[in-house]
Amino acid sequence: MILTPLLAMSLGATTLTLDFTKPGVPVSPMLYGLMTEEINYSYEGGLYGELVRNRAFGDHPSLAHWEKLDDSSEVAYASEEGRPRIGVRGGIVNRGYWGIPIRAGARYQARLSLVAPKGVQPATLSLESNDGSTVYASAPLKAETREWQDLSVELIVRKNLPAPITGRLAIRTSRDQETSFRYVSLFTETYNDRPNGNRKDLMDLLVAMKPKFLRFPGGNYLEGNSLAERFDWKSTIGPVSQRRGHRSPWGYLSTDGLGLLEFLEWTEDMNAKPVLAVFAGYTLNGKHIAPGKELEPYVSDALDEIEYVIGDATTKWGSQRVKDGHAAPFDLQYVEIGNEDGFDRSGSYPARFDQFCKAIRERYPNLKVISTTGGKDFLGARYKDFSVAPDLVDEHYYASDWDMMAMATKYDSYDRQGPKIFVGEWAAQGVGNPWGRPGSSSPTPNMGSAIADAAFMTGMERNSDIVLMSCYAPLLVNVNPGGRQWPVNLIGYDALKSFGSPSYYAQKLFSNHVGDQTVPIEISNAPEQTNGKSKLPGLFSSVTVKKKSKEVAIKLVNPMHEFQVVSVVVKGQRLGSEAKMITISGVPSATNNISASQRVSPYETRLAILPHSFKVTLPPDSVSVLLARKQ
Ligand code: AHR
């Protein structure tokens, strides 16, 4: 039975009215993107395809993650012109990041920088079981290398390996004479076959989200614990084997193998735009570079960085990019000055921002400049403290599920006269203090958090005239013990497998199905939910329409633990008779993990609807998008 709006109201059903007679607001084409930094072994042991850990012996201690092949093997460390090297007799073993993935028929490319005495066959590489008893692939390095030489060799795993496993890389050398290594790298197939590229399964998950941009390189990773540990972009470009690497503030070594150019190529592989955060003189130890003369070299460094990204071959840094292998400039439109500078209690940010912003605008007037404080509610200075107004302000919100749901209406009443908003980090983090949870709790969000995330997204979508961009954080987590530094993260993985959390699917649902114009809505008779202290509505929604295809995307978030029938009333338009609904649902504690990756995942239903009024039944604890077409 189809209820007329009046009848639906009188029965007390929730009513959602889509009012096409009123103008909506344009939906920002950049609304949904991704944020990334080196945290939770996001790149090292994650997205970045390197499989050897401590490949250039720059970790602490230098031989960390390397073992002698057996008791009679000998390994000595030395440093030559500041570059670590190790001398080996017998053999060495590396187990990568919680194991090296070994798959039937897979191809691996090893690259080494080494030297061996005359007449000595330098080494044989093999991929083998953890105890070395089974060898899955093996290849000798034959060349004679009396000088330091870069060699590469392919290893191909035999086809009859029944299931993927994790194992180790063993390098066997002469026992009588020393072979020395400066660099040992191992990659398997990468996304788009990029040399020095990214892991395929993780890229597939990211690409499926259809992100419009990638905010990088941080986050705290941009700032570093100290000046020496900031993201110093110039040391992240050039030959990979010569990058020194640096310590991530999250407590482990970054090889910088995923450096500035690789970040940019990653955006290209996702068909997303770069949102480049430049170091702005504040580090996590609370120190800052004084605005003025002292800050000038850092401002120049940022201008050089931008030139590397968008300069043509006639410019110094543009030509460096061309030399590094990328002829075309990247499509950079947004530059962010620093990260969370509201934590700089000295109050220096407005002056630092002004200095960067003026220099950037003078040289690149078309770039949009983002400040990291200045919004209505978020940390530190107000934008009115700046002498030049940012184009966007980056606000970060990590909140409990309840508080995140409560923020669904936050932007309804935001100041439309100030800068636009970039919600550059945000996530619903469950119930209670996420840091207080035992290490064994899920590293990725559950369905309860996905519902809260979705509720918040309805608010950003409805207010996309002011909220131009948003990205969940953190994006990635290696779920092995010790892999995680942040409590709640979107996508989990180990060496072999990966999975999207319920929040991942909520993000994907929202970003895959969004129009270019909002449709004003009204919700009436919705049930109420309470946490004992306060009350919130029991339905969240946003509706957008694509002008060209006329597709109407109705987002419906049901936080109630029971079915909810919603009467949809359409004013000023007719909808076609067929609709598709894509839903994720599950009890609030439901989550995915490495061995149950699809427990919560989207499913589709088809339904017949009427042009002006129809009912839709939402499963308990669910996030849905109903796709219909304007006639
Ligand atoms: O996303 C994790 C961290 O949260 C980011 O590095 C930082 O910007 C924020 O405090």
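A few remarks follow.
- The set of residues from segment 221-242 being away from the ligand (no atom under 16 Å from the Cβ) and either among the small types (Gly, Ala, Ser) or at pLDDT 95 or above (or both) comprises Leu227, Ala228, Asp232, Trp233, Lys234, Ser235, Thr236, Ile237, Gly238, Pro239, Val240, Ser241.
- Among the residues listed as Asp71, Asp59, the single one being in contact (Cβ under 8 Å) with a residue 12 or more places away in the chain, assigned to a loop (DSSP other than H, G, I, E, B) and surrounded by fewer than 21 Cβ atoms within 10 Å (Cβ to Cβ): Asp59
- Of the residues examined, Ala427 is one that is within 16 Å of the ligand (Cβ to nearest atom), at pLDDT 95 or above and among the small types (Gly, Ala, Ser).
- Matching residues, segment 457-488, being without any contact (Cβ under 8 Å) to a residue 60 or more places away in the chain and within 16 Å of the ligand (Cβ to nearest atom): Pro487
- The residues listed here are Ala628, Ala596, Ala590; of these, the one that is under 18 Å from Lys555 (Cβ atoms) and within 32 Å of the chain's Cα centre (by Cα) is Ala628.
- Test for Thr179: is it among the hydroxyl-bearing types (Ser, Thr, Tyr), more than 16 Å from the ligand (Cβ to nearest atom) and under 22 Å from Asp494 (Cα atoms): no
- Of the residues making up segment 449-486, those that are of a type in the set (A, V, I, L, M), within 16 Å of Tyr32 (Cβ to Cβ) and more than 15 Å from the chain's Cα centre (by Cα) number 8.
- Against the list (1) more than 20 Å from Pro195 (Cβ to Cβ); (2) touching a Phe, Trp or Tyr at 6+ places or on another chain (Cβ under 9 Å); (3) in contact (Cβ under 8 Å) with a residue 40 or more places away in the chain, the condition Ser129 fails is (3).
- Number of positions in segment 314-351 that are within 16 Å of the ligand (Cβ to nearest atom) and either within 21 Å of the chain's Cα centre (by Cα) or crowded, with 23+ Cβ neighbours inside 10 Å (or both): 8
- Set side by side, the residues Gly218, Gly197 differ, and just one is touching a residue at least 60 places away in the same chain (Cβ under 8 Å) and away from the ligand (no atom under 16 Å from the Cβ), which is Gly197.
- Any hit, segment 180-192, residues being assigned to a loop (DSSP other than H, G, I, E, B), at pLDDT 95 or above and within 30 Å of His513 (Cβ to Cβ): yes
- Cross-chain or 6+ apart pairs with Cβ under 6 Å, segment 230-259 first and under 19 Å from Arg194 (Cβ atoms), then part of a helix (DSSP H, G or I) and more than 16 Å from the ligand (Cβ to nearest atom): Thr236/Leu260; Ile237/Leu260; Ile237/Leu261; Asp256/Thr236; Gly257/Val240; Gly259/Thr236
- Among the criteria (1) touching a strand residue (DSSP E or B) at 6+ places or on another chain (Cβ under 6 Å); (2) away from the ligand (no atom under 16 Å from the Cβ); (3) in a helix (DSSP H, G or I), the one Pro390 does not fulfil is (3).
- Qualifying residue in segment 199-207 (condition: part of a strand (DSSP E or B) and either at pLDDT 95 or above or crowded, with 20+ Cβ neighbours inside 10 Å (or both)): no
- Restricting attention to segment 174-207, the residues being among the β-branched types (Val, Ile, Thr) and closer than 14 Å to Ala123 by Cα number 2.
- Pairs linking a residue in segment 538-551 that is in contact (Cβ under 8 Å) with a residue 24 or more places away in the chain and aliphatic (A, V, I, L, M) to a residue that is outside any strand (DSSP E or B) and surrounded by 17 or more Cβ atoms within 10 Å (Cβ to Cβ), with Cβ atoms under 7 Å and 6 or more positions apart or on different chains, are Leu539/Ala526; Val543/Val519; Val545/Gly515; Val545/Val519.
- The one condition from (1) more than 17 Å from Ala590 (Cβ to Cβ); (2) away from the ligand (no atom under 16 Å from the Cβ) that Trp435 does not meet is (2).
- Counting only residues that are within 20 Å of Asn366 (Cα to Cα) and either of a type in the set (Gly, Ala, Ser) or touching a strand residue (DSSP E or B) at 6+ places or on another chain (Cβ under 6 Å) (or both), segment 281-300 holds 1 of them.
- Selection from segment 40-74 of residues that are among the hydrophobic types (A, V, I, L, M, F, W, C) and under 20 Å from Val477 (Cα atoms): Leu47, Leu51, Val52
- For the condition more than 16 Å from the ligand (Cβ to nearest atom), at pLDDT below 95 and either within 26 Å of the chain's Cα centre (by Cα) or more than 30 Å from Lys212 (Cβ to Cβ) (or both), Ser10 qualifies.
- When segment 534-574 is filtered for residues that are assigned to a loop (DSSP other than H, G, I, E, B) and within 16 Å of Thr409 (Cβ to Cβ), the ones remaining, listed by number, are Ser534, Gly538, Leu539, Pro559.
The values are calculated or read from the model by the stated rules, or taken from the named source; none is laboratory data. This structure is a prediction, so every number in the text was calculated from the model and none was measured. Reconstructed Cβ throughout: ideal geometry from the backbone, glycine too, with neighbour counts over all protein chains shown.
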